[in-house]
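S.K.: Questions regarding the structure given below will be posed in turn.
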Amino acid sequence: MRRRVALGLGLAAALGLAGGLRLLTAPAPDIRETFYVFGTLVEIETHDVPEAQARDAMARVGAHFRQMHRDWHAWAPGALESLNEAIAAGQSFDVDPGLAQLLQQGRALACRSDVLFDPAVGGMVEAWGFHADTPPEGDPPAEAVVAKLLAGHPKMTDLTIAGTTVRSSNPAVQLDLGAYAKGAALDLAAADLTAAGITDAVLNAGGGVQVLGDAGSRPWRVAIRDPFEWGVVAAVSLRPGEALHTSGNYERYFDKGGIRFSHIIDPRTARPMQGIVSVSVLSDSGALSDAAATALCVAGEQDWPRIAAQMGVTAVLMITDDGTMLVTPAMMDRLEPVAGGFPAPITVVDLPKDVAIPVCPAG
């Protein structure tokens with residue numbers, strides 16, 4: 001069932017930002033700059049900051065973004081591509097401390113998610129054509145290709161990271177950090193702004209928003225996009241230091257034979273996930289919110305509460321293929337209806353208690 005939602009654009013189009021989230025609070029910015037990172041436009045806006053201070057901070061953020069784009073991109077010449085080549089050849093490779101820390105973080109998040117979030121499945125991503133910035137064209141990969149990818153069984157816990165030296169026990173590992181790189185990049189950019197003495201700012205990367213402080217006398221207010229059509233399903237007022245990330249099947253995908261194939265790959269099947277349209281996760285970490293949104297899409301309607309509990313996220317909104325809205329109590333407390341109210345009834349789902357946290361192998 002496809003929901004039809006009639007929403008006025010006066011509220012939702014405050015900044016006209018693309019992606020799963022839109023900023024609703026729109027005070028006159030002191031400084032606003034846009035960067036291009038990982039195929040996404042990232043907009044940063046400061047509030048009540050002297051121009052020289054803001055410009056210096058933006059220059060630092062921009063330099064870091066350029067380095068991230070160069071070092072973290074799996075499909076362009078750089079550190080990550082070289083690391084993937086070394087892994088395929090059964091060799092170790094030295095990376096810079098920032099990339100080593102990012103890989104350690106990804107390894108831990110993958111373990112906590114039962115590897116439903118798994119940056120080691122770059123080969124699967126490439127086979128489905130989602131390694132490029134443009135949508136895939138042509139047919140899905142052949143069954144033999146999918147079977148071979150599954151037989152390789154790549155996973156982040158195959159990595160050993162000793163200082164800045166990275167190696168893998170499995171040559172089938174091919175790293176693609178796209179499922180959490182935007183969140184991690186916003187974490188680092190927020191740290192840059194804080195180090196520069198900026199206390200009030202918003203960072204928007206389409207499907208992810210992170211905030212510092214407030215928008216003057218008001219909180220930064222963000223809309224969660226309706227994944228079925230133009231409009232929003234709800235708004236959230238973000239508290240200082242919070243991050244909200246949305247993943248789903250409605251932006252990067254291709255259709256074939258009446259089936260939508262999303263860019264979110266299920267490591268258990270080497271195929272795009274099915275059944276879930278979008279997941280939004282609110283936490284105090286961009287990388288965690290970004291990774292968890294992906295993992296919960298893959299977990300699906302039945303198992304997502306357990307995976308959310310394992311990953312330590314409590315505020316979640318899931319929208320299924322038929323428009324069903326499922327939320328945790330913590331997210332329900334934060335959702336604000338917009339014009340016309342919520343577009344569908346909301347089912348509140350409690351997270352399980354006393355969930356056993358996976359013990360990650362040393363690495």
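S.K.: Just one of the numbered conditions (1) out of contact with any Leu (no Cβ under 7 Å at 6 or more places or on another chain); (2) within 24 Å of Thr40 (Cβ to Cβ) is not true of Gln274; which one?
M.R.: If we test Gln274 against (1) out of contact with any Leu (no Cβ under 7 Å at 6 or more places or on another chain); (2) within 24 Å of Thr40 (Cβ to Cβ), just (2) comes out false.
S.K.: Can you name every residue in the stretch 51-70 that is surrounded by 19 or more Cβ atoms within 10 Å (Cβ to Cβ) and touching a helix residue (DSSP H, G or I) at 6+ places or on another chain (Cβ under 8 Å)?
M.R.: Ala57, Val61, Phe65, Met68
S.K.: Hey, could you check the stretch 168-182 for residues that are under 15 Å from Ala89 (Cα atoms) and either among the hydroxyl-bearing types (Ser, Thr, Tyr) or buried (at least 18 other Cβ atoms within 10 Å of the Cβ) (or both) and say which is farthest from the chain's Cα centre (by Cα)?
M.R.: Ser169
S.K.: To continue, here is another question. Take the residues of the stretch 238-259 that are charged (D, E, K, R), surrounded by fewer than 23 Cβ atoms within 10 Å (Cβ to Cβ) and not in a strand (DSSP E or B): which is farthest from the chain's Cα centre (by Cα)?
M.R.: Arg239
S.K.: When the residues of the stretch 34-50 are filtered to those that are polar (S, T, N, Q) and surrounded by 19 or more Cβ atoms within 10 Å (Cβ to Cβ), which remaining residue is modelled with the highest pLDDT?
M.R.: Checking each candidate, the answer is Thr46.
S.K.: Something else about it: Do the conditions hold for Val209, that is, is it under 16 Å from Ala293 (Cα atoms), out of contact with any helix residue (DSSP H, G or I) (no Cβ under 6 Å at 6 or more places or on another chain) and β-branched (Val, Ile, Thr)?
M.R.: Answer is yes for this residue.
S.K.: May I pose another question? Residues Arg252, Arg260, Arg225: which one is within 21 Å of Thr320 (Cβ to Cβ) and without any contact (Cβ under 8 Å) to a residue 40 or more places away in the chain?
M.R.: From the options Arg252, Arg260, Arg225, the qualifying one is Arg260.
S.K.: I would also like to ask the following. Keeping to the stretch 309-323, report how many residues are more than 13 Å from Pro343 (Cβ to Cβ), of a type outside the set (S, T, N, Q) and either within 18 Å of the chain's Cα centre (by Cα) or part of a helix (DSSP H, G or I) (or both).
M.R.: 7
S.K.: Restricted to the stretch 100-144, and to residues that are assigned to a helix (DSSP H, G or I) and among the acidic types (Asp, Glu), which residue is surrounded by the most Cβ atoms within 10 Å (Cβ to Cβ)?
M.R.: Restricting to residues being assigned to a helix (DSSP H, G or I) and among the acidic types (Asp, Glu), the top hit is Glu126.
S.K.: Considering the stretch 202-218 alone, what residues qualify as being under 23 Å from Ser247 (Cα atoms) and either aliphatic (A, V, I, L, M) or without any contact (Cβ under 8 Å) to a residue 12 or more places away in the chain (or both)?
M.R.: Scanning the stretch 202-218 gives Val202, Leu203, Ala205, Val209, Val211, Leu212.
S.K.: Any chance you could count how many residues in the stretch 108-124 are β-branched (Val, Ile, Thr) and closer than 17 Å to Val146 by Cα?
M.R.: 1
S.K.: Further question: Just give me the residues in the stretch 194-218 being assigned to a loop (DSSP other than H, G, I, E, B) and closer than 23 Å to Met325 by Cβ, in sequence order.
M.R.: Scanning the stretch 194-218 gives Gly206, Gly207.
S.K.: Working only within the stretch 48-99, note down all residues that are in a loop (DSSP other than H, G, I, E, B) and polar (S, T, N, Q).
M.R.: Of everything in the stretch 48-99, those that are in a loop (DSSP other than H, G, I, E, B) and polar (S, T, N, Q) turn out to be Gln91, Ser92.
S.K.: Could you please let me know if Gly300 is outside any helix (DSSP H, G or I) and of a type outside the set (Ser, Thr, Tyr)?
M.R.: no
S.K.: State whether the residues of the stretch 177-194 include one that is without any contact (Cβ under 8 Å) to a residue 60 or more places away in the chain and touching a strand residue (DSSP E or B) at 6+ places or on another chain (Cβ under 9 Å).
M.R.: yes
S.K.: Sticking with this one: Here's a check for you: in the stretch 204-237, which residue that is touching a His at 6+ places or on another chain (Cβ under 7 Å) and not aliphatic (A, V, I, L, M) is surrounded by the most Cβ atoms within 10 Å (Cβ to Cβ)?
M.R.: Looking at residues that are touching a His at 6+ places or on another chain (Cβ under 7 Å) and not aliphatic (A, V, I, L, M), I get Gly208.
S.K.: Another question, then. Taking the stretch 339-363, which residues are among the aliphatic types (A, V, I, L, M), assigned to a loop (DSSP other than H, G, I, E, B) and either in contact with a helix residue (DSSP H, G or I) (Cβ under 7 Å, 6 or more places away or on another chain) or surrounded by 11 or more Cβ atoms within 10 Å (Cβ to Cβ) (or both)?
M.R.: Within the stretch 339-363, Ala339, Ala344, Val349, Leu351, Val355, Ile357 qualify.
S.K.: Right, something else. Could you look through the stretch 200-232, keep only residues that are more than 17 Å from Thr46 (Cα to Cα) and among the charged types (D, E, K, R), and pick out the one that is nearest to the chain's Cα centre (by Cα)?
M.R.: The residue in question is Arg225.
S.K.: Please determine, by comparing only the residues of the stretch 260-280 that are small (Gly, Ala, Ser) and assigned to a strand (DSSP E or B), which one is nearest to the chain's Cα centre (by Cα).
M.R.: Ser280
S.K.: So, in the stretch 289-306, how many residues would count as being farther than 24 Å from Gly241 by Cβ and crowded, with 22+ Cβ neighbours inside 10 Å?
M.R.: 4
The values are calculated or read from the model by the stated rules, or taken from the named source; none is laboratory data. Since the structure is predicted, the reported quantities are computational estimates derived from the model, not experimental observations. For neighbour counting, all protein chains shown are included, and Cβ atoms are generated from backbone atoms with ideal geometry for every residue, glycine included.
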